[in-house]
Each structure stands twice: as C-alpha cells, then as structure tokens.
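Nothing in this text is a laboratory measurement; each read-out follows from the coordinates by a stated rule. Quantities reported herein were computed from a predicted structural model and do not represent experimental measurements. Positions of Cβ are backbone-derived with ideal geometry, glycine not excepted, and every protein chain shown enters the neighbour counts.
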Amino acid sequence: MSLRGKNVAILESRLGRQLVELVEGRGGVAFHAPALAELPDLDPHAIAALVHSLEERPAKLAVFQTGVGTRALFAATDALALTEVLLKLLEKTTVAVRGPKPTAALRARGVRIDRSAADPFTTSEVLDSIKDLPLKGERVIVQRHGSANVELDRALEARGAAVVEIPTYRWALPPDSAPLVALIGALERGELHAVVLTNAEQVRNLFAVAGREGRAEPLRAALNRTLVASIGPVASAALREARVRVSLEASPPKLGALMAALDQALP
C-alpha cells in the first residue's frame, strides 16, 4: 500500500483503467482525466493506391512506429484483399520498428524485422538504427502515429529520401473535456500529490484546455508545485517545452517502471 493517502492524477486514455487499478491497488486515490482520443484516420482508397504504387516503385525502407497503427494498416489491407501483396512487398524492403509494440504486431503477420530502435525507443534511436542505410533517391514509407513525426521525416528527407506517410489514426481532445477542467481545478487547489503523463500529446491537450479556460499560467504553476511523473523522454520533452519541471522519468519507459518510480517518490 505504498500510495496510501496519495491522490494521483492519471491522464492516460487507452490504458487508463489499468493505471487507475495500479494506483488503487497501492492504496492511492486515482483522479482519472483522459486527455487523449485516438480517432481513425485511415483512407482505404489511399491505402490501396499506396500498395499499388509500391508495386511500381518499391520502398527501400518501411518504418513502423506503433502497434495500434500497424494493426490498423493490416486490418485495412485485409478488407481490401491486399495483405498478401503488402507482405510480399515488405519481404523486399528493409523493415525498421520503433519498439516492442510494432514488433509484436508485425511478427503476428510474419513480417521480418531488420532494424529495431534501442530503448527508450525515441525517434533518435530509430534514426540511429538505420544510420548506415543509403537512402538518397529512395522511397521511405513511415507508418504515422497520432501525429506526423516531423523530426523523423525531416531527418530522412535530409538524407535524400522521398518520405510517404501512412496515417492510420490521429490524436485529438476527448469529446468530454470536463474531467480535464476538473483536474486543472484540483491542481490549482493543491489537492493532488502526483500527476502521471504517458504521452506527449496529453501535455499539449491539457494546456490546450487550460488555455481555452484562460488558466494556462495557473496550471503551469500548479504542476511545478506537484510531483510530475513522465513515462519517458518524449513526454518529458513536451513537459519541458511547456516549462513544467519533470520530477521523475521512468527507465525503461514502461508502466511497471513508472509505477515503481512513483512508489519510491511518494513514500
């Protein structure tokens, strides 16, 4: 019961219930305010056109960034009866993955994986895993996560690659932002001992809601008085960009390590 008597804010959406249970299982009180909605952003006609274009001009490299996006892409090709075509194309392509989730999704489809980003699975590690691959004049396919990875795209283009992004889903504010407004109020009143952030977009969306309410500066001040726990370097970078102090960062960037760090930080 390491979190007994502690109020912990959870902004995670997809795994929010799991995090809430982890906090409550340690005796804490979870304040769940989902800050992110994942909306489908996959155009079947565009996917079909892309697969057919790859038959005419194959890609040198395919980068898969997320498990949910990879599964959505194959679900689309299943519906289009193009999965076998895509799998044959990937056999002739260097396949790079950002972390264990896209790795698992690709292996479930029997896809060979050539390059894997090292822990903590950020864009920097993706680029490092393919640094020796000649890309000048080559086509590169990037499975997009919730928003365009501008850093990755620009780095690939700087090496002479023609980058084609495959959107599969996009991030947005949740339809009901009332829990986020309530969270901002609780932070301002000093009612929370910790805030747990598992995605950079959660930070941006929280400040977007606060800005809409005219409370961005009070939110920033409140967060800087509160223990702020980050899942990893990408979320931490978004917090620092928002001028929020990162109290702890999980290593490796996983929920288990995050909760273990929280256990130690909130005795």
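A few notes on this one:
- The label-point distance for R245 and A208, in a model that sets each label 7 Å from Cα toward Cβ, rounds to 2.8 nm.
- Qualifying trypsin sites (Lys or Arg not before Pro) in region 60-129, where qualification requires a DSSP coil assignment and no more than 12 other C-beta atoms within 10 Å, comprise K92, R112.
- Couplings 3J(HN,Hα) for region 115-132, derived from phi with the Karplus relation 6.51 cos²θ - 1.76 cosθ + 1.60 (θ = phi - 60°), are 10, 10, 5, 7, 4, x, 6, 9, 4, 4, 6, 4, 5, 5, 6, 10, 5, 8 Hz, where x marks Gly and Pro.
- Nearest 10 degrees, 0 to 90: helix 255-265 Cα axis against the chain principal axis: 30 degrees
- Considering only the Cα atoms of region 108-267, their convex hull presents on average a projected area of 11.5 nm².
- Length gained on full extension, R109 to D263, computed as 0.36 nm times the residue gap minus the Cα-Cα distance: 51.7 nm.
- Divided by 2.2 N^0.38 Å, where N counts the residues, the Cα radius of gyration of the chain comes to 1.10.
- Ranked by how many other Cβ atoms sit within 10 Å of their own Cβ, fewest first, the residues H32, H52 fall in the order H52, H32.
- Relative contact order, percent, the chain [alpha-carbon distance under 8 Å, six or more residues apart]: 21 percent
- Between D78 and A158, the modelled label-to-label distance comes to 3.9 nm, taking each label 7 Å out from Cα in the direction of the beta carbon.
- Sparsely packed trypsin sites (Lys or Arg not before Pro) within region 142-212, loop by DSSP, other Cβ within 10 Å at most 13: R189
- Extended-chain gain in nm, criterion 0.36 nm per residue less alpha-carbon gap, H52 and A221: 55.6 nm
- Phi-derived couplings, Karplus 6.51 cos²θ - 1.76 cosθ + 1.60 at θ = phi - 60°, listed residue by residue for region 182-196: 5, 4, 4, x, 5, 5, 4, 7, x, 8, 10, 8, 8, 10, 10 Hz, with x used for Gly and Pro.
- Separation of alpha-carbon centers, region 227-267 and region 159-179, rounded to whole Å: 23 Å
- Equivalent-ellipsoid semi-axes for region 40-171 (Cα gyration tensor, √(5λ), whole Å, largest first): 20, 16, 14.
- Pairs beyond 24 Å (Cα-Cα), from K60/K101; K88/K254; K6/K101; K6/K254; K60/K254; K101/K131: K88/K254; K6/K101; K60/K254
- Of G16, G137, G28, the one that fluctuates the most in a GNM where the chain has Cα springs shorter than 10 Å: G137
- Couplings for region 232-248, taken from phi via the Karplus curve 6.51 cos²θ - 1.76 cosθ + 1.60 with θ = phi - 60°, read x, x, 5, 5, 4, 4, 5, 5, 5, 4, 7, 6, 10, 6, 8, 7, 8 Hz in order; Gly and Pro are left as x.
- Under 5 Å, built H, 5+ apart or other chain: amide partners of E165: V142
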